[in-house]
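The next block holds one structure in the form of structure tokens; read it before the comments.
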Amino acid sequence: MIKNLRYFISCALLSLVAGVNAQSVFNIDADYATLFPTLKGVSSSASGDKPASSDGDFTEITTSAPVDGITLTVSPKEEGQSNANRIWSSSPRLRMYSGTLTITAPAGKNMQKIEFSGHEKNFNLSTETGTLTGKTWEGNANTIVFKVAKNTQISTITVALEGEEIKSIENTPETAYTVAEANAIIAKGVGLDTEVYVKGIIYAISELSTQYGNATYTICDDATGENPLKVYRGYYLNGDKFTAEGQINVGDAVIVYGKLMNYNGTNQIAQGSKIYSITTGINDVIADKAAKDGAIYNLAGQRMEKMQKGINIINGKKYVVK
């Protein structure tokens, strides 16, 4: 019954995201193998004993499998260029250096808006059709040819046909996404260039660097550690740098502001995020209580007979059982 309930909740979250965003999404980071099945794999640089790979190089004009009838066509590199257009081994996976990227709608239908997500700075497309402002194209056309000037790295492409609308995933601290909702948005691949608020409980801290002032930690919706979201090299309150150990602790409730992404199969809040708020008081009270009687407590302050999966507090210290 619990499995069925979890399945129902997951489906409901995905339906919510899909319903809010009426458009078609090419999630190249997650679905490159399905979109471009003729490629042998991915391209990569040499690493240690592992040689470089060109399995993801586009050596001929290649059209993707359609998404809702819409297709992407990637050209090979232009003559004289050194870098091949390719699917890379890490995000953003579509990396183009010359040639063209063509997006085509189904026959008889026109596109009115396209949004790209990917590398913050490496985006160098132009087109003679419609208007391209930053990473957003607007106009009215069945086919758009984008010229690649130089290094362009793309994770997702979101397309809205006439009569459809691309709605922002932007939210507020008061409407912060849960970790489950954030993971559902990442799976959908919509609006990932938008900074959003996500709330959760710190489940584990991988690193806190006072040298660089950032921290890598994992947040979840509860103390069980299920359905986690990694916060990669994020900053402290208001974007300030971390200056000391103990500024965040396992069990703290936080709201984090940053961009969502999937990096090599791991859902995370991208580097450069900041903590909007942090709540530690309730955990301090529980820890103080546990320190006095030596019993085992969970984060809700409930006394337990034995340690259970998740975060346990014993003698004022937090212990994680996986």
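Assorted remarks:
- Residue within region 240-255 that is among the charged types (D, E, K, R), closer than 26 Å to ILE157 by Cα and surrounded by fewer than 21 Cβ atoms within 10 Å (Cβ to Cβ) present: no
- Among the residues of region 208-225, some residue qualifies, meaning at least one is of a type in the set (Ser, Thr, Tyr) and buried (at least 18 other Cβ atoms within 10 Å of the Cβ).
- Flag if THR102 is more than 23 Å from the chain's Cα centre (by Cα) and assigned to a strand (DSSP E or B): yes
- Residues located in region 105-144, provided they are part of a strand (DSSP E or B) and free of Cβ contacts under 8 Å to residues at least 24 places away in the same chain: SER126, THR131, LEU132, THR133, THR136
- Positions within region 35-75 being within 20 Å of GLN153 (Cβ to Cβ), open to solvent by 40 Å² or more (accessible area, probe 1.4 Å) and not small (Gly, Ala, Ser), in sequence order: ASP55, THR59
- Residue among ALA180, ALA176, ALA204 that alone is in contact with a Leu (Cβ under 8 Å, 6 or more places away or on another chain) and aliphatic (A, V, I, L, M): ALA180
- The set of residues in region 133-173 being touching a helix residue (DSSP H, G or I) at 6+ places or on another chain (Cβ under 8 Å) and open to solvent by less than 70 Å² (accessible area, probe 1.4 Å) consists of ILE154, SER155, THR156, ILE157, ILE169.
- Screening LEU94, LEU125 for residues that are modelled with pLDDT of 95 or more, under 29 Å from LYS167 (Cβ atoms) and open to solvent by less than 20 Å² (accessible area, probe 1.4 Å) leaves exactly one candidate, LEU94.
- For first residues located in region 234-255 and closer than 14 Å to ALA204 by Cα, partners that are surrounded by fewer than 18 Cβ atoms within 10 Å (Cβ to Cβ) and lie 6+ apart or on another chain with Cβ distances below 6 Å form the pairs ASP252/ILE278; ASP252/THR280; ALA253/THR279; VAL254/ILE278.
- Residue check, ALA187 in contact (Cβ under 8 Å) with a residue 60 or more places away in the chain, open to solvent by less than 60 Å² (accessible area, probe 1.4 Å) and either part of a loop (DSSP other than H, G, I, E, B) or small (Gly, Ala, Ser) (or both): no
- Pairing residues of region 86-97 that are closer than 17 Å to THR63 by Cα with residues that are β-branched (Val, Ile, Thr) and open to solvent by 30 Å² or more (accessible area, probe 1.4 Å), at Cβ distances under 6 Å and at least 6 apart in sequence or on separate chains, gives ILE87/VAL42.
The values are calculated or read from the model by the stated rules, or taken from the named source; none is laboratory data. All values reported here derive from a predicted model rather than from experimental measurement. All Cβ positions, glycine included, derive from the backbone under ideal geometry; neighbour counts span all protein chains shown. Calculation scope for accessible area: heavy atoms of the full protein, side chains included, ligands and nucleic acids excluded. Shrake-Rupley method; radii C 1.70, N 1.55, O 1.52, S 1.80 Å.
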